[in-house]
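The values are calculated or read from the model by the stated rules, or taken from the named source; none is laboratory data. These numbers come from a predicted model, not from an experiment. Heads up, the Cβs are rebuilt from the backbone with ideal geometry, glycines too, and the neighbour counts pull from every protein chain shown.
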Amino acid sequence: MDTYKKILLIDDDVELGNLLCDFLSHHQINLEIANSGEDGIELLEQHQASINSSFDLIILDIMLPGISGLEVLKAIRKKNNIPIIMLTASGEDHDRILGLELGADDYLPKPFNSQELVARVKAILRRSNNHHNEKNDSFGDIRISQENRKAYYNDKDLILTGTEFEILGCLIASQGKTVSKDKLSEEALGRQFIPYDRSIDTHISNLRAKLKNKGAPNDLIYSKRGIGYALLKD
């Protein structure tokens with residue numbers, strides 16, 4: 001990252017916030033902190049109302065005082081597709097899957113390594129500069145624009161998260177050939193696929209639901225068990 005990025009941390013752990021604020025500053029990341037979900041939503045809205053003051057990414061703890069992190073996630077996703085990394089308790093698979101279903105881009109279980117957090121953040125922020133083969137920016141009735149990062153089915157807008165956009169772009173670029181979970185994880189999440197990690201499956205499920213809502217067939221994205229996913233050929 002050539003310029004400083006601005007990130008919002010929503011977490012009630014004051015000590016963790018102070019440590020991350022100092023650590024991330026060495027990686028060209030300015031961190032602002034909200035210690036409750038209510039404060040986080042308010043701070044996000046304040047920044048979006050200001051010119052050139054919006055956040056580039058949100059780090060959101062699931063366990064919060066007052067409204068839960070999942071409720072905060074739902075509230076943000078009603079208005080905003082800003083990238084979101086969830087912080088979850090180790091072993092809480094249900095919260096992770098639910099968070100991904102509600103539109104989180106990725107998750108990191110607590111306790112976590114600070115370098116791993118930086119790697120996840122940089123991977124997500126770097127995605128906007130990725131460009132797939134421009135000749136393969138459409139497949140059947142699906143079309144994406146890498147320039148403005150928008151997606152369409154049958155010329156109807158698909159409102160996607162950044163991770164969903166990257167997965168769809170990767171599937172379009174393959175032009176009906178199966179894409180492995182390993183490649184999808186590398187392309188969309190910027191990390192190696194971990195066996196039994198259901199993140200890619202959950203993002204695919206979200207994509208299917210959004211495509212179906214625009215009139216696409218249920219099997220437009222089909223799975224090859226144990227291998228990966230592909231778009232259905234006409």
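In the set D201, D182, D197, D157, only one residue is among the charged types (D, E, K, R) and assigned to a loop (DSSP other than H, G, I, E, B); that residue is D197. Return yes when K74 is part of a loop (DSSP other than H, G, I, E, B) and either over 29 Å from K150 (Cβ atoms) or within 19 Å of the chain's Cα centre (by Cα) (or both) and no when it is not. Criteria not met by K74. The listed residues are E45, E32, E15, and the only one of them that is in a helix (DSSP H, G or I) and surrounded by 12 or more Cβ atoms within 10 Å (Cβ to Cβ) turns out to be E45. Screening L60, L43, L16 for residues that are touching a helix residue (DSSP H, G or I) at 6+ places or on another chain (Cβ under 7 Å) and hydrophobic (A, V, I, L, M, F, W, C) leaves exactly one candidate, L60.
Would a scan of region 151-170 turn up a residue that is in contact (Cβ under 8 Å) with a residue 40 or more places away in the chain, out of contact with any His (no Cβ under 6 Å at 6 or more places or on another chain), surrounded by 15 or more Cβ atoms within 10 Å (Cβ to Cβ) and farther than 30 Å from S90 by Cβ? Within region 151-170, one or more residues are in contact (Cβ under 8 Å) with a residue 40 or more places away in the chain, out of contact with any His (no Cβ under 6 Å at 6 or more places or on another chain), surrounded by 15 or more Cβ atoms within 10 Å (Cβ to Cβ) and farther than 30 Å from S90 by Cβ. As for region 90-102, it holds no residue that is surrounded by 14 or more Cβ atoms within 10 Å (Cβ to Cβ), among the polar types (S, T, N, Q) and not in a helix (DSSP H, G or I).
If you check M63, M86, which single one turns out to be part of a strand (DSSP E or B) and assigned by TED's automatic domain parsing to the domain that holds S36? So the residue among M63, M86 that is part of a strand (DSSP E or B) and assigned by TED's automatic domain parsing to the domain that holds S36 is M86. Among the residues of region 19-29, what is the count of those that are in contact with a helix residue (DSSP H, G or I) (Cβ under 9 Å, 6 or more places away or on another chain) and assigned to a helix (DSSP H, G or I)? So the answer is 4.
Picking from residues in region 182-202 that are over 20 Å from G91 (Cα atoms) and over 15 Å from the mean Cα position of the chain (by Cα), the one that is surrounded by the fewest Cβ atoms within 10 Å (Cβ to Cβ) is D182.
Among the residues of region 92-149, those that are of a type in the set (K, R) and either at pLDDT 90 or above or within 13 Å of the chain's Cα centre (by Cα) (or both) comprise R96, K110, R120, K122, R126, R127, R143.
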